[in-house]
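**Student:** I'd like to ask you about the structure that follows.
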Amino acid sequence: MSIISKDIQKAVQLLTEDQLVAIPTETVYGLAGNIFSEKAIKSIFSTKKRPFFNPLIVHIPSIASLSDIVTHVPEKAKLLAAAFWPGSLTLVLKKSKTIPDIITAGKDTVAVRVPNHPITLELLKKLPFPIAAPSANPFGSISPTKPAHVENYFKNSIKMVLDGGSCVNGIESTIIGFENEEPVIYRLGALPLEEIEAVVGAISIKNKKEEKPDAPGMLARHYAPKTSTFLVDDVAAEVEKNTGKKIGVLVFKSSLNNENITEIILSKNGSLQEAAANLYAAMHELDTKNLDIIIAERFSEFGLGKSINDRLQRATFK
Ligand code: TXA
Ligand code: MG
């Protein structure tokens, strides 16, 4: 029997009983548990095979709940929350004592956001506690943007995927921390840099591939298909070089018109928003086709193109 269901009341019940429920958000599906239940939080880590040094994002129903989670909100964090919540922005702020250390991997900061999905907002409003939710995929795998992606990963380990359809933004939230009260980008994501800078001015980016990253979403290999993936400017030339192999390609808007390859066009209209929304589903799909390689086209480095390139780049590490 399918674990996909629209029954919000059942999700409330399972979460209240310390169980996990996969929840829809506008970015990707999350694997959710009660932040105050040690049992639930431990099972998030074990279900995902996620290392304990990688902290979780706390999801709250509205800005009003922020004061329960954090002790200090810098001025620019207030501006960002007012501008973008509910939405694809995660803020990393000084945590309040009530937030368990297992959520934050022992850090004195906590990541928090108000997701912009009507079903999950309704769920959060019904719950007497916030929920922690990392993306609902095994550690290092492609994030899920459809209920079926989660079901394929976890049908034997969780009881329910709350069905909210396909995620409209399709890549994870943008994560912003604060250093001396000034915002710093820890992870590029669904909220474009330019929109953030329009609110708080120029902002520095620490979205690097570091050994011990602040946000392990920065780990070099992440969001990766099982099939070897390459990111190039000239897809046709790369296809040429790999003649004889079973090739999948991911292109932004223009077809290569080559019948020997499996091609997915991310947005025929050339919409970055649509391309981001389709990105992970396309990676999931190509990964099921038994290909030798996947060749992805590099985007122009502006707006969501920057975030899409970030995810594609991480998909190429083995
Ligand atoms: O869009 C999203 O953010 C999705 C949906 C479900 O909300 N969630 C998501 O969670 O992408 P996850 O766990 O896959 O990524 C959370 C990232 C990790 O890279 C983690 O290291 C970082 O947030 N993070 C969490 N707490 C942090 C903290 N206190 N300081 C720095 N980074 C933190
Ligand atoms: Mg993730």
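The values are calculated or read from the model by the stated rules, or taken from the named source; none is laboratory data. Remember, predicted model here, so these are calculated numbers, not experimental data. Here the Cβ is made from the backbone with ideal geometry for all residues, glycine too, and neighbour counts use every protein chain on show. In case anyone asks, the SASA skips ligands and DNA or RNA and just uses the protein heavy atoms, side chains included. Shrake-Rupley method; radii C 1.70, N 1.55, O 1.52, S 1.80 Å.
**Student:** Exactly one of (1) among the hydrophobic types (A, V, I, L, M, F, W, C); (2) surrounded by fewer than 21 Cβ atoms within 10 Å (Cβ to Cβ); (3) touching a residue at least 40 places away in the same chain (Cβ under 8 Å) is unmet by Ala82. Its number?
**Tutor:** (3)
Conditions tested, residue by residue: (1) closer than 26 Å to Ala11 by Cα; (2) touching a residue at least 60 places away in the same chain (Cβ under 8 Å); (3) open to solvent by 20 Å² or more (accessible area, probe 1.4 Å); (4) more than 16 Å from ligand 2 (Cβ to nearest atom).
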residue: Val168; (1), (2), (3), (4): yes, yes, yes, yes
residue: Ile176; (1), (2), (3), (4): no, yes, no, yes
residue: Glu179; (1), (2), (3), (4): no, no, yes, yes
residue: Gly189; (1), (2), (3), (4): no, yes, no, no
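**Student:** I need the full set of residues from region 138-149 which are buried (at least 24 other Cβ atoms within 10 Å of the Cβ) and within 11 Å of ligand 1 (Cβ to nearest atom), in order please.
**Tutor:** If the condition is that a residue be buried (at least 24 other Cβ atoms within 10 Å of the Cβ) and within 11 Å of ligand 1 (Cβ to nearest atom), then Ser143, Pro144, Thr145 are the ones that fit.
**Student:** Any residue in region 140-163 that's of a type in the set (Gly, Ala, Ser): show its pairings with residues that are within 14 Å of ligand 1 (Cβ to nearest atom) and open to solvent by 30 Å² or more (accessible area, probe 1.4 Å) at Cβ separation under 7 Å, as long as the two are six or more apart or on different chains.
**Tutor:** Within 7 Å, the pairs are Gly140/Arg221.
**Student:** Just give me the residues in region 10-49 being small (Gly, Ala, Ser), closer than 15 Å to Pro138 by Cα and within 16 Å of ligand 2 (Cβ to nearest atom), in sequence order. Working first, answer last.
**Tutor:** Initial filter on region 10-49 (small (Gly, Ala, Ser)): 11, 22, 30, 32-33, 37, 40, 43, 46.
Remaining after also requiring closer than 15 Å to Pro138 by Cα: 22, 30, 32, 43, 46.
Selection gives Ala22, Gly30, Ala32, Ser46.
**Student:** Check Asp18 against each of (1) under 27 Å from Gly165 (Cα atoms); (2) out of contact with any Lys or Arg (no Cβ under 7 Å at 6 or more places or on another chain); (3) of a type in the set (Asp, Glu) and name the one condition it does not meet.
**Tutor:** (2)
**Student:** I've got another one for you. Would a scan of region 147-164 turn up a residue that is closer than 28 Å to Ile205 by Cβ, at pLDDT 95 or above and assigned by TED's automatic domain parsing to the domain that holds Lys78? If you could, list the steps in order and put the result at the bottom.
**Tutor:** Step one: of region 147-164, the residues closer than 28 Å to Ile205 by Cβ are none.
There is no residue in region 147-164 that is closer than 28 Å to Ile205 by Cβ, at pLDDT 95 or above and assigned by TED's automatic domain parsing to the domain that holds Lys78.
**Student:** If you don't mind, another one. On the given criteria, is Ser135 modelled with pLDDT under 95, within 13 Å of ligand 1 (Cβ to nearest atom) and open to solvent by 10 Å² or more (accessible area, probe 1.4 Å)?
**Tutor:** Working: modelled with pLDDT under 95: no; within 13 Å of ligand 1 (Cβ to nearest atom): yes; open to solvent by 10 Å² or more (accessible area, probe 1.4 Å): yes.
No, not satisfied.
**Student:** Taking region 43-63 on its own, how many of its residues are within 15 Å of ligand 1 (Cβ to nearest atom) and either closer than 28 Å to Glu194 by Cα or part of a helix (DSSP H, G or I) (or both)?
**Tutor:** Summing the residues that are within 15 Å of ligand 1 (Cβ to nearest atom) and either closer than 28 Å to Glu194 by Cα or part of a helix (DSSP H, G or I) (or both) in region 43-63 gives 14.
**Student:** What number goes with the only condition from (1) farther than 29 Å from Ala281 by Cβ; (2) more than 15 Å from ligand 1 (Cβ to nearest atom); (3) open to solvent by 40 Å² or more (accessible area, probe 1.4 Å) that Thr71 does not pass?
**Tutor:** (2)
**Student:** From the list Phe129, Phe178, which one is of a type in the set (Phe, Trp, Tyr) and within 12 Å of ligand 1 (Cβ to nearest atom)? Talk me through it step by step, then tell me what you get.
**Tutor:** Details: Phe129 fails: within 12 Å of ligand 1 (Cβ to nearest atom).
Exactly one residue qualifies, and that residue is Phe178.
**Student:** For region 191-210, give me each residue that is of a type outside the set (A, V, I, L, M) and either part of a strand (DSSP E or B) or open to solvent by less than 70 Å² (accessible area, probe 1.4 Å) (or both). Quick ask: steps written out before the conclusion?
**Tutor:** From region 191-210, those of a type outside the set (A, V, I, L, M) are 192, 194-195, 197, 201, 204, 206-210; that's our starting set.
If the condition is that a residue be of a type outside the set (A, V, I, L, M) and either part of a strand (DSSP E or B) or open to solvent by less than 70 Å² (accessible area, probe 1.4 Å) (or both), then Pro192, Glu197, Gly201, Ser204, Lys206, Asn207, Glu210 are the ones that fit.
**Student:** Tell me which residues, restricted to region 1-40, are part of a strand (DSSP E or B), under 23 Å from Asp101 (Cβ atoms) and open to solvent by 10 Å² or more (accessible area, probe 1.4 Å).
**Tutor:** If the condition is that a residue be part of a strand (DSSP E or B), under 23 Å from Asp101 (Cβ atoms) and open to solvent by 10 Å² or more (accessible area, probe 1.4 Å), then Asn34 is the only one that fits.
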